[in-house]
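K.L.:
Structure incoming, see below.
The values are calculated or read from the model by the stated rules, or taken from the named source; none is laboratory data. The model shown is predicted, which means the values in this text are computed figures rather than measured ones. Here Cβ is always computed from backbone atoms with ideal geometry, including for glycine, and neighbour counts include all displayed protein chains. Areas reflect the complete protein model, heavy atoms only, side chains present, ligands, DNA and RNA absent. Shrake-Rupley method; radii C 1.70, N 1.55, O 1.52, S 1.80 Å.
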Amino acid sequence: QYVREHAEETKNWSIVYDDRGHLIEPHTRRITGIGTLNVRDYLHKAKATASLGFEPPTSTTLIPTNGPKHRYGGLLFIEKEGLIPLLELERIGERYDLAIASSKGMASTAARNLIETLTVDYKVRIFVVHDFDKSGFSILSTLTRNTERHQFTHHFDVIDLGLRLADIKKWELEGEPVAYPSDPTTNLLENGATQEEIRFLLRDSKYECDDRGKSKLVSGMGQRVELNELPNDRFLAWLEGKLVRHKVEK
């Protein structure tokens, strides 16, 4: 807020945020913390080496690279960091030339800067995997929508691979109860949920009309479905099905 209100004074400030989550490159297995300094260093090295050309390798030695050039064409941003070891075990990154990243919930400023640069400068496709709940929709939207904390400088798209109502029905997922302290309807609509999905998420909630005839939430109870309801084998089948559908390949 101070920076926004004192633009002239703070125009040359460098504000540094700690790492929240990390990015794993395929093939190199290089891990980069998603924080201001690490993202800045990663993007600097990527830019410095992006113009380098390489002769076809004559041995099994790994060609040295920094960043996405000659290494990956997509980034899989996943809400649940606990699922990343499974993706590594199954070599999802190597098999689909995907970097894998998480930001421990809502995308940090560093994560959004990283995603924008990879998309705009390197044409990396961004895929987002999230729970079917209010937070999941917010995570998806925050990666492209301006907020008070962060404003993007370019328009770009991300591809939603997260759980949606069609997945819930197809995979016969049960979900779990969730309580809402306030009515999330407006937030869900702003972040891309359909009316049918909102009815599912709020299906046990109760409303009543106030003195002006306006509907008011009096009991916010609903359902949510998390990614880890899918056992490992079904999660991998679900995810890879979506990757194939969007023509993600080496």
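K.L.:
Have a look at 175, 136 and point out the one that is in contact (Cβ under 8 Å) with a residue 12 or more places away in the chain and touching a Phe, Trp or Tyr at 6+ places or on another chain (Cβ under 8 Å).
P.N.:
175
K.L.:
With the requirement that a residue be of a type in the set (Gly, Ala, Ser) and either farther than 12 Å from residue 224 by Cβ or in contact with a His (Cβ under 7 Å, 6 or more places away or on another chain) (or both), what does the stretch 172-192 give you?
P.N.:
182, 192
K.L.:
Within the stretch 111-123, can you find the residues that are surrounded by fewer than 22 Cβ atoms within 10 Å (Cβ to Cβ) and farther than 15 Å from residue 36 by Cβ?
P.N.:
Selection gives 119, 120, 121, 122, 123.
K.L.:
Can I ask one more? Within the stretch 127-184, track down each residue that is part of a loop (DSSP other than H, G, I, E, B) and of a type in the set (Lys, Arg).
P.N.:
145, 149, 164
K.L.:
Moving on. If I ask for residues that are farther than 15 Å from residue 77 by Cβ and open to solvent by less than 60 Å² (accessible area, probe 1.4 Å), which ones from the stretch 135-149 would you list?
P.N.:
147
K.L.:
I need a count of the residues in the stretch 157-188 that are open to solvent by 80 Å² or more (accessible area, probe 1.4 Å), at pLDDT 95 or above and either closer than 23 Å to residue 248 by Cβ or hydrophobic (A, V, I, L, M, F, W, C) (or both).
P.N.:
The number of residues fulfilling the criteria is 1.
K.L.:
I would also like to ask the following. Does residue 154 satisfy being in contact with a helix residue (DSSP H, G or I) (Cβ under 6 Å, 6 or more places away or on another chain) and exposed (fewer than 10 other Cβ atoms within 10 Å of the Cβ)?
P.N.:
yes
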